[in-house]
1. Residue by residue through region 54-64, what is 3J(HN,Hα) from phi via Karplus (6.51 cos²θ - 1.76 cosθ + 1.60, θ = phi - 60°)? Round to whole Hz and write x for glycine and proline.
2. Take the Cβ-Cβ distance between residue 444 and residue 421 as r, set R0 to 41 Å, and report the resulting FRET efficiency rounded to the nearest 0.05.
3. Count charges around residue 319 for me, please; just the other residues with Cβ under 11 Å from its Cβ, Lys/Arg as +1, Asp/Glu as -1.
4. Show me, for region 300-316, the HN-Hα J-couplings you get by feeding each phi into the Karplus relation (A = 6.51, B = -1.76, C = 1.60, θ = phi - 60°), rounded to Hz, glycine and proline as x.
5. Can you list residues from other chains, or at least 5 along the same chain, whose modelled amide H is less than 5 Å from the amide H of residue 308?
6. Would you order 66, 252, 51 from fewest to most other beta-carbon atoms within 10 Å of each residue's own beta-carbon?
7. Name the residues whose placed amide hydrogens come within less than 5 Å of the amide hydrogen of residue 193, ignoring near sequence neighbours (fewer than 5 apart) on the same chain.
8. Using the count of nearby Cβ atoms within 10 Å as a rough guide to exposure, how do 311, 318 rank from fewest to most?
Amino acid sequence: MTIKTSRRRFVRDAAGALTLAAASHASAQSLARSSKPNIVLFLADDLGYGDVGCYGRRDIKTPTIDGLAGEGTLFRSFYSNGSECSPTRAALLTGRYQHRVGGLECAIGVGNVGRYDDAIRLQKAGELGLPVQETSIARLLKDAGYRTALCGKWHLGYEPKFSPTSHGFDHAFYAIGGAIDYFHHSEPPPSTIHGLYLDDRPIKRDGYFTDLVTDEATAFIDRQSDARPFFLYVPYTAPHAPFQGPADRRADPLPPDSELWKQGAAPKDTYRAMIERMDEGMAVILKRLAQKGMAGNTLVLFMSDNGGTGSARNAPFSGHKGGVFEGGIRVPCIARWPGILKPGSLSDAACMTMDFSASILRAAGASPRQGHPFDGVDILRHEQEQKPVEKRALFWRARRADTTHRAVREGSLKYIRIERASGGEEHLFDLLQDPGEQRDLLPERTADVSRLKKLLNEWEERVKPVR
C-alpha cells in the first residue's frame, strides 16, 4: 500500500495563501524543546481513511491537512478506540479503554438514549455519560498549569454532571450530542433538544457550525499569551450527518424525514464541501498560531473519531463505521511537533487513540492520576526516538442493541468475532498480506485463532466496568 504525502509548505484559508511557521527555524526548535508546548487537537467526525489528499483522495481538496503531513508524521496504521463517536471520545479523554467506564461502548443516542443493555440501565439511572471520577486529560493538563478549551462536539453525556467544564475545560463551546443541524443547531427529531452550548448553558448563535467552531477556537487563541501553555481541543462535527455544506442554509431546520440525516447517503458535492470547509477552518486556526508566534512551540494533532460511513472513502479497507473491519476503525492521523518530529515522516506503528492521550500528558509534563493508569503507550516518544513500539495486542468491543463486535490485533494478525441474536461469525486475517480483509484464514490457522481468543477473553476481564 503506497501513500503519497504532500510536503508543500503552504495551505489556504478563506483569505488566501498563508505560510505555516517553518519547523526548521532554530529558535522555534529551541523553544519546543525547553518549555511546555501548547497542544491543539483536531478531531474529525466520521472521516474515512481515504477521505483526505495525503491518504489518497483526489477529488477533495485538503491542503491544510496535507500540509500538516508534510511538516510532521503521518500514521498509516492508526486506529480509533471505537467504531463510533462516544467510545473513542471517552478513550481519548481518559487515556484508557472506554470499556472501563461502562455504558459507552456505543454512541449515546440523540436525546440521551442508551443503545444497548448496559447503556439503557445507566440512562434510566441518570448515569449515561463520562463520570468525573474518570479523570480527563483536560483536568490533568489544567492541574499542570494549562489553560484548556473545547470548541466542537462533546457527545459524552447530556446530564449537567457530565459537562465539559466538570472535566477540566476552562472554556467550552459545543454541540452536546451526536448530531445537530449545522445552521439551526437543533438535534434531529424525535429529540426536541437545542444542541448548542457555551460553558454548560444552551445558547443561540447564528452561523454554520463548522465556522462557529473555527471562530471560537481562534478567539480562544487570541486570548492566550506566552505566559501559560494551553490545550485546545477542536472536535469538528464534519463530515457527520446531517449533510449540509456552508452554502446549504435554509429557513427552517431539516425535517425529520430528510435524506440528509441518513449517514450513508451524502450527496457527493455536499460531502466534499463539508470536508473542505473543515480544512479551511483548520487553516484559519493554524494561521492565528503562526501570527502570534506560537506555531513553533505547539504540538498539533489531527485524527478521526472512527471510520467513515457509506458516504466515505475508506479505501483500501473494507467495512464502515460501527463495525470492526479495518474501514470502521482505521483512520487518518497526523502529528506536527516542530523540532521534535521529523517533517514528512511516515509511521507504520499500529497505534490507537488512547496512545496519543499518553503522549499529550508526557509533552505537558503531567502524569495519570494514581489508580487510573493509562492503557496506551506514548506513541510520539517512540516516533521521536525512532524506536519500535513494544509487542502488544490492540482490542475492540462495540455493542449496539443485540449485536456485539469484537476484535484483537497482534502483529499483523487480526481476529474478529461478531455476535447477533440471529447468529454469529468469526474471521482471521493477515493485514500485512491482506489489508482489505478479503482472505479469511480462520480454517487454516486454528492455533492462532485459539491464542487470539484467549487474549481477547483475558482483556475483557481486565476492562470490566466499575459502574
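1. For region 54-64, the Karplus-derived couplings read 6, 10, x, 7, 10, 9, 10, 8, 10, x, 5 Hz, x marking Gly and Pro.
2. After rounding, the FRET efficiency stands at 0.90.
3. Working: positive: 321, 330; negative: 326, 437.
Net charge around residue 319: 0.
4. My calculation for region 300-316 gives 10, 10, 9, 7, 10, 7, 5, x, x, 7, x, 7, 9, 10, 9, 4, x Hz in order.
5. So residue 308 has HN proximity to 48, 49, 321.
6. Details: 66 24, 252 8, 51 28.
Starting with the residue having the fewest Cβ neighbours, the order is 252, 66, 51.
7. 187
8. Listing 311, 318 from fewest to most nearby Cβ atoms yields 318, 311.
Computed from the coordinates by the stated procedures, all read-outs in this text should not be read as laboratory data. All figures in this text were calculated on a predicted structure; none of them were measured in a lab. So basically every Cβ, Gly included, is an ideal-geometry build from the backbone, and we count neighbours across all protein chains shown.
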